[in-house]
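Participant: One structure coming up, written as structure tokens, with questions to follow.
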Amino acid sequence: MYISRNWLKDFVKIPDALSAQELGLKLTMAMAEVEGFIDQKESLQGVVVGEILEIKKHPNADKLKLTVVDIDDKKLNIVCGAPNIAKGQKVPVALVGTTLANGLKITKAKVRGEVSEGMLCAEDELGLGSDHSGILILDKKLVPGTSLAKALDLSDIIYEIDNKSLTHRPDLWSHYGVAREVAAILGEKLTDYKVKNFKDGREKLEIKINDFQLCPRYMGVVLEGIQIEESPDWLKRRVEAVGMRSINNIVDITNYVMLEIGQPLHAFDYDRLAGQRIIVRTAEPGEKIKTLDDETRKLDQEMMVIADAKQPVAIAGVMGGANTEIDNKTQKIIIESANFNHVSIRKTSAKLGLRTEASIRFEKSLDPNISELGIKKAMELILQVCPQAKLVSRIEDVKKFKLAQGPIELSFDFINKKIGQEIEPKKVIDILSSLGFTVKKKKNGIEVTVPTWRATKDVAIPEDLVEEIARIYGYDNLEVKMPQAAMERPEVNKESELERKIKNILAYGFDMTEVYNYSFNSVAQISKLGLKINQYIKVSNPLSKETELLRRDLVPNLLDNMVLNNRFYDDISLFEIGSTYLKEIKAFKVSDKQEKYLPLQDKWLGGVLQEKNNDQPFYIAKNIVAALLNRLHFDYKLIKNNQLPIFAKKSSAIKIMINDQELGYISELADNLYEKLDLDSKLAFFEINLTKLAKFYSDEIKYKQIPKFPSIDLDISMIIDKNILWEEVQDIVKQTDNELIRQVTFFDVYEGKGIPTGKKSIAFRIEYRSDNKTLTMQEVQVIHDKVIKNLEKKLGGQIRK
């Protein structure tokens, strides 16, 4: 949102000595973040008024002209292609060395062989509007050589305020609201906002509101004798200075009022209204409306519309309809000043994908009382700009609303404890009074009545008032003190700690890249993988086709990540930690009064990887999972698994078991999906239920005494069936002698030349050690031979020599 310093000065005194930067900082610290500011004088530095003395045809270009321009102290030769220039005109001239608002730097140059010593500028090139149809023609009375900023009285400073920091403050979406804050911050008096009263006309405007919950107030008035024309310069410059486009005098006045006090207005062509009546209602099934942006929009029964006797003429609080748009033929208008339900406007705006300056303000929950100020101010300006116009109806006002203005009671002791510092009662009262609160002093505290502009979902509890006091008092003025509190270790969130460790291990230990995906899937995405759509929770109001379903697992989105990156990288390994949503499991009851539940929302770890020159990524994924669980000190088992998602390859799939509970799985991608996903390298993935894993997690590491006696390590290389898991081999080895076999370490697997089809060669190391003595080679060889026999008997293994 843009705010004009000069506009603020209409309502509050701002010392000239207070720089733009200083005021911006004060607003940031006490009100909302000021992202930057533009000094109009600086942006027009190097641009002066010039008078065109001569115009000749360019000898080498049909559409270009050679001009001689007087800038008082010298005459410049300038090449220009604008169609609207004429001898004797006063025009803006950008001198050599000037950088324009659009970033163009002016240099002395030859244009088709002719020297050009500057540039004649259009409105948009100067940052003064959007018109580029020709050179900006200035008042003939201006003196050549005068700086353009001075000539046009452009001495304003425009502040850009972060919209996100204003979402809870509907009163700040206007110059008058910001001026109130400036007055409180600087300790200055705020000028009362005064509007004229008007004598009622004879005509009656019929207004009907079907639901006061959706429209608490609707005001309308009829004026005739309207002449639609270009706005006067003062009006045009003011609205354009803060980013609005000048359209015509009536539209500009409605925008001016909105920018000044925050009340959106709309003007209807009276003669285009069927029955000359206004009905505020919800849309009927199948209704459509063509809006001012020339788009035909389909409405639903939850959307509020302004209708005449036959059809909708506006989408309430969002945009007007083309069927009642004012144009050059308009002579009689209705000015609308209304208040609409903020939730309804937000939903309508989101459904239609249409956010306007009006909807942005209405969805913040505006004060219904400013509707009256808005319509009266608009009438005043219309009668000023169109002297021939006159009021022909009374101001119709249909309303039904009540605001929660308190009073709110709070003690000085409560205020001081919350702020952490004693503030004088007089200072407290002065601060709240300067912000428009009505304050009544009591014995040990105050009773505060909330002003209407802060009583719409803003100030409601004592803590809100404490915040008002603290921010205007100045956070920088509060004494910095360390709190007196017992220094205790905070309670550890095991899941968060485990998540952080997993991220570090995978990112730094295995060079995997973490990704963040939205918690949604598309119907097309799920269908491509062969999954059942009816198992997914559907989003009732998705923002796009990609967000129609809540995800059940992480792999589909990770597969999409792989597809996107596959064309750029040969080797890819990604992981993600995020929540999934299972509608068949009722996890959290919404309330005791209703049998409604939220779905199970466990957090999962998902990983996916591929290597171009490795056609067995399953083993890489398996090693990563095993190493991860070992690093985290989990006692786990990996066993065969046939109950997997349809996109998994059943022949290369194992499930992860901890304490006899299944916590996840590892698999390769099903063979039939590579072509569908446009993948040319084998791919493996894994998923682990992080929520369940955290229940078994402990960061306690037990001390283990260093062995007193040496160990003997012997290796085995064996050919076994391809589908036998390493864990099965490991279990058989350990069961041979649980006392002396201390560790079994896998270090190689091979399939290919020299190995029979359907077989694989594995190699592993066995550590033998006794706690009571040094083992001899003969003793170890006896056990080692038993190991080999057990492997040959139980697995049909064949020792490689």
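The values are calculated or read from the model by the stated rules, or taken from the named source; none is laboratory data. What you are looking at is a predicted structure, and each value in this text was computed from that prediction instead of being measured. Cβ sites come from the backbone with ideal geometry, for glycine too, and all protein chains shown count toward neighbours. Heads up: the accessible areas ignore ligands, DNA and RNA and are worked out on the full protein's heavy atoms, side chains in. Shrake-Rupley method; radii C 1.70, N 1.55, O 1.52, S 1.80 Å.
Participant: Residue check, Thr296 against (1) in contact (Cβ under 8 Å) with a residue 12 or more places away in the chain; (2) open to solvent by 10 Å² or more (accessible area, probe 1.4 Å), all met but one. Which one?
Facilitator: (1)
Participant: Can you name every residue in the stretch 621-635 that is surrounded by 16 or more Cβ atoms within 10 Å (Cβ to Cβ) and in contact (Cβ under 8 Å) with a residue 24 or more places away in the chain?
Facilitator: We begin by selecting, within the stretch 621-635, every residue surrounded by 16 or more Cβ atoms within 10 Å (Cβ to Cβ); these are 621-622, 624-626, 628-629, 632, 634.
Result: Ala621, Lys622, Ile624, Val625, Leu628, Leu629, Leu632, Phe634.
Participant: Regarding Asp430, is this residue touching a Gly at 6+ places or on another chain (Cβ under 9 Å), open to solvent by 60 Å² or more (accessible area, probe 1.4 Å), without any contact (Cβ under 8 Å) to a residue 24 or more places away in the chain and assigned to a helix (DSSP H, G or I)? Spell out the reasoning first.
Facilitator: Values: touching a Gly at 6+ places or on another chain (Cβ under 9 Å): yes; open to solvent by 60 Å² or more (accessible area, probe 1.4 Å): yes; without any contact (Cβ under 8 Å) to a residue 24 or more places away in the chain: yes; assigned to a helix (DSSP H, G or I): yes.
Against the criterion (touching a Gly at 6+ places or on another chain (Cβ under 9 Å), open to solvent by 60 Å² or more (accessible area, probe 1.4 Å), without any contact (Cβ under 8 Å) to a residue 24 or more places away in the chain and assigned to a helix (DSSP H, G or I)), Asp430 qualifies.
Participant: Please return the ranges of strands (runs of 3 or more DSSP E) entirely within the stretch 76-178 where 3 or more residues are surrounded by fewer than 17 Cβ atoms within 10 Å (Cβ to Cβ) and not assigned by TED's automatic domain parsing to the domain that holds Leu27.
Facilitator: In the stretch 76-178, 109-111 are the strands (runs of 3 or more DSSP E) which contain 3 or more residues that are surrounded by fewer than 17 Cβ atoms within 10 Å (Cβ to Cβ) and not assigned by TED's automatic domain parsing to the domain that holds Leu27.
Participant: I need a count of the residues in the stretch 762-801 that are surrounded by 15 or more Cβ atoms within 10 Å (Cβ to Cβ) and part of a helix (DSSP H, G or I).
Facilitator: Number satisfying all stated conditions: 9.
Participant: Pick from the stretch 601-617 the residues that are in contact (Cβ under 8 Å) with a residue 24 or more places away in the chain and in contact with a Ser or Thr (Cβ under 6 Å, 6 or more places away or on another chain): which of them is farthest from Lys682 (Cα to Cα)?
Facilitator: Among those residues, the one meeting the criterion is Asp602.
Participant: If you don't mind, another one. Among the numbered criteria (1) within 30 Å of the chain's Cα centre (by Cα); (2) open to solvent by 30 Å² or more (accessible area, probe 1.4 Å), which one does Lys329 miss?
Facilitator: All conditions pass for Lys329, except number (1).
Participant: Name every residue in the stretch 433-463 that is assigned to a helix (DSSP H, G or I) and within 33 Å of the chain's Cα centre (by Cα), in order of residue number.
Facilitator: Applying the first criterion (assigned to a helix (DSSP H, G or I)) to the stretch 433-463 yields 433-434, 452-454, 462-463.
Thr452, Trp453, Arg454, Pro462, Glu463 - these are the residues of the stretch 433-463 that are assigned to a helix (DSSP H, G or I) and within 33 Å of the chain's Cα centre (by Cα).
Participant: Further question on the same structure: With the requirement that a residue be in contact (Cβ under 8 Å) with a residue 24 or more places away in the chain, open to solvent by 60 Å² or more (accessible area, probe 1.4 Å) and more than 18 Å from Arg552 (Cβ to Cβ), what does the stretch 664-694 give you? Explain how you work it out, then say what you get.
Facilitator: Pass one, the stretch 664-694, residues in contact (Cβ under 8 Å) with a residue 24 or more places away in the chain: 664-670, 673, 676-694.
From what's left, open to solvent by 60 Å² or more (accessible area, probe 1.4 Å): 676, 678, 680, 682, 692.
Within the stretch 664-694, Lys676, Asp678, Asp680, Lys682 qualify.
Participant: For the subset of the stretch 505-522 comprising residues that are in a helix (DSSP H, G or I) and farther than 11 Å from Glu576 by Cβ, which member is most open to solvent (accessible area, probe 1.4 Å)? Working first, answer last.
Facilitator: Pass one, the stretch 505-522, residues in a helix (DSSP H, G or I): 505-509.
Next cut, farther than 11 Å from Glu576 by Cβ only: 505, 507-509.
Numbers: Ile505: 14, Ala507: 33, Tyr508: 186, Gly509: 50 Å².
Checked the stretch 505-522; the qualifying residue most open to solvent (accessible area, probe 1.4 Å) is Tyr508.
Participant: Out of all the residues in the stretch 564-571, is one or more of a type in the set (Asp, Glu), under 28 Å from Lys622 (Cβ atoms) and open to solvent by less than 70 Å² (accessible area, probe 1.4 Å)?
Facilitator: No, there is no match, as no residue in the stretch 564-571 is of a type in the set (Asp, Glu), under 28 Å from Lys622 (Cβ atoms) and open to solvent by less than 70 Å² (accessible area, probe 1.4 Å).
Yes or no, residue by residue, for (1) within 30 Å of Ala626 (Cα to Cα); (2) open to solvent by 60 Å² or more (accessible area, probe 1.4 Å); (3) in the same structural domain as Asn623 (by TED's automatic domain parsing):
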{"position": "Val459", "(1), (2), (3)": "no, no, no"}
{"position": "Pro462", "(1), (2), (3)": "no, no, no"}
{"position": "Val466", "(1), (2), (3)": "no, no, no"}
{"position": "Arg471", "(1), (2), (3)": "no, no, no"}
{"position": "Arg489", "(1), (2), (3)": "no, yes, no"}
{"position": "Lys503", "(1), (2), (3)": "yes, no, yes"}
{"position": "Ile526", "(1), (2), (3)": "yes, no, yes"}
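Participant: Still on this model: Got a number for residues in the stretch 349-364 being surrounded by 22 or more Cβ atoms within 10 Å (Cβ to Cβ) and among the hydrophobic types (A, V, I, L, M, F, W, C)?
Facilitator: 2
Participant: Hey, another quick one. Looking only at the stretch 271-282, count how many residues are open to solvent by 30 Å² or more (accessible area, probe 1.4 Å) and either touching a helix residue (DSSP H, G or I) at 6+ places or on another chain (Cβ under 7 Å) or assigned to a helix (DSSP H, G or I) (or both).
Facilitator: Of the residues in the stretch 271-282, 4 are open to solvent by 30 Å² or more (accessible area, probe 1.4 Å) and either touching a helix residue (DSSP H, G or I) at 6+ places or on another chain (Cβ under 7 Å) or assigned to a helix (DSSP H, G or I) (or both).
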